[in-house]
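I have placed the structure first, in the form of structure tokens, so that the comments after it can refer back to it.
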Amino acid sequence: MHPKINALLSRFPRVELVKWRTPIHYLPNVSAEIGIDVYVKRDDLTGFGIGGNKVRKLEFLLGDALAKDCDTVITLGAVHSNHAFVTALAAKSLGLEPVLILYGREELKGNYLLDKIMGIETRVFDVSRTSELLPIAERIKSELEEDGRRVYLIPPGGASPVGTLGYVRAAGEIYIQMKDLGIEFDAVVDAVGSGGTLAGLLLGSAIINAPWRVVGVDVGGFVENISNKVLGLAKEASELLGSNVRLKEPEIHDYGFGAYGKIVREVAELIRKVGSEEGIILDPVYTGKAFYGMLDLAKKGELGDRVLFIHTGGFPGVFHYGEELASLLGSF
Ligand SMILES: Cc1ncc(COP(=O)(O)O)c(C=O)c1O
């Protein structure tokens with residue numbers, strides 16, 4: 001861990017869900033094709049449940065829930081939500097009772113199938129966006145509290161100042177690994193959904209004065225005014241840490257192809273290509289779009305000579321959107 005970040009984070013309760021530093025490795029075929037060095041940080045291998053970025057946020061969120069003596073955890077999202085499933089799974093493993101507030105078609109696939117296999121309580125509502133679930137989640141929280149439960153409500157994607165600390169910590173980890181590799185990254189790129197991952201990277205990178213630019217790829221307007229949200233989260237997390245670091249406006253590029261959760265041919269083909277060439281499985285909702293954006297920006301010369309892509313996980317999305325991928329890629 002980076003000593004400066006370690007010192008700032010030491011007073012925050014954290015449950016250890018990630019048992020190792022996730023590896024950073026070079027992608028030889030992708031790099032040769034676009035003419036710059038592309039590395040990947042394997043946060044798909046954070047190692048709890050389905051892995052992914054949310055596990056890092058949950059270390060602090062569930063640490064906070066336990067410190068506040070809660071017994072129930074509520075979170076919300078789409079039925080395919082990686083965040084919802086892994087939150088519920090981690091809560092259960094710590095003896096907390098999870099309740100998931102979801103929207104979307106109840107089909108037994110992807111993360112929703114995993115929710116059911118694990119016996120997680122799900123309540124599915126007929127709305128079309130996660131934001132519309134917020135008042136419903138607040139109401140359910142009050143009802144559970146009236147029954148004597150002590151409820152910790154985790155916002156969509158774990159995007160709270162406390163959740164953001166997970167990627168402040170990750171920025172320190174990246175810095176140490178970069179030094180071990182004897183290289184310097186010009187840019188660190190990640191998928192932007194609820195914004196907490198980017199906010200944490202932005203703040204952590206500023207605290208340690210990292211040499212890289214932090215670049216976000218919006219995967220389709222999961223939230224409106226994403227730049228404001230990311231900057232707001234980073235500022236709130238900075239206040240929480242008592243750091244007075246100056247934060248830059250986040251740099252976010254839109255590669256959502258029109259909508260969050262819209263599955264497109266370009267990304268389906270890229271999932272096949274990167275899987276076949278590098279053995280890395282991307283997903284059609286987050287990392288596939290983010291990788292597509294990273295390649296496009298790199299080809300335009302906008303990311304410098306050496307870039308680190310954060311693989312934020314999400315492979316159950318491949319299974320959730322299997323039929324869409326099959327039809328886009330032609331018959332299997
Ligand atoms: C696999 C995956 N990648 C990236 C993201 C985006 O991260 P964030 O919500 O922190 O912006 C999410 C969740 O939204 C995700 O599940």
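What follows draws every value from the coordinates through simple rules; no lab data is involved. Everything numeric here is computed off the predicted structure, so don't read it as measured data. Neighbour counts are summed over all protein chains in view; Cβ atoms, including those assigned to glycine, are modelled from backbone coordinates with ideal geometry.
I want to confirm something. Restricting to the range 119-167 and keeping residues that are assigned to a strand (DSSP E or B) and out of contact with any Lys or Arg (no Cβ under 8 Å at 6 or more places or on another chain), which single residue is nearest to the ligand (Cβ to nearest atom)? Reasoning before the result, please.
First, pick out the residues of the range 119-167 that are assigned to a strand (DSSP E or B): 121-125, 151-154.
If we keep only those that are out of contact with any Lys or Arg (no Cβ under 8 Å at 6 or more places or on another chain) as well, we get 121, 123-125, 154.
On the way: Glu121: 21, Arg123: 20, Val124: 19, Phe125: 19, Ile154: 12 Å.
Only one residue fits best here, namely Ile154.
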Are there any pairs with C-beta distances below 7 angstrom linking a residue in the range 80-98 that is within 10 Å of Asp115 (Cβ to Cβ) to a residue that is more than 16 Å from the ligand (Cβ to nearest atom), with the two at least 6 apart or on different chains, and if so which?
Ala88/Pro98; Ala88/Ile120; Leu89/Met118; Pro98/Val73; Pro98/Ala91; Pro98/Lys92; Pro98/Ile120; Pro98/Glu121
List the pairs whose first member sits in the range 38-53 and is closer than 21 Å to Pro156 by Cβ, whose second member is part of a strand (DSSP E or B), and whose Cβ atoms are under 7 Å apart, counting only residues at least 6 apart or on separate chains?
Asp43/Ile310
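Please go through the range 8-45 and pick out each residue that is of a type in the set (Ser, Thr, Tyr) and either in contact with a Pro (Cβ under 7 Å, 6 or more places away or on another chain) or surrounded by fewer than 18 Cβ atoms within 10 Å (Cβ to Cβ) (or both).
Ser10, Tyr26, Ser31
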Filter the range 288-301 down to the residues that are surrounded by fewer than 24 Cβ atoms within 10 Å (Cβ to Cβ) and either among the hydroxyl-bearing types (Ser, Thr, Tyr) or free of Cβ contacts under 8 Å to residues at least 60 places away in the same chain (or both) and list them by number.
Tyr292, Asp296, Lys300, Gly301
Consider only pairs whose beta carbons are under 6 Å apart and that are at least six residues apart or on different chains; among these, list those whose first residue lies in the range 135-157 and is touching a residue at least 12 places away in the same chain (Cβ under 8 Å) and β-branched (Val, Ile, Thr) and whose second residue is more than 16 Å from the ligand (Cβ to nearest atom) and part of a helix (DSSP H, G or I).
Val151/Lys141; Val151/Leu144; Val151/Glu145
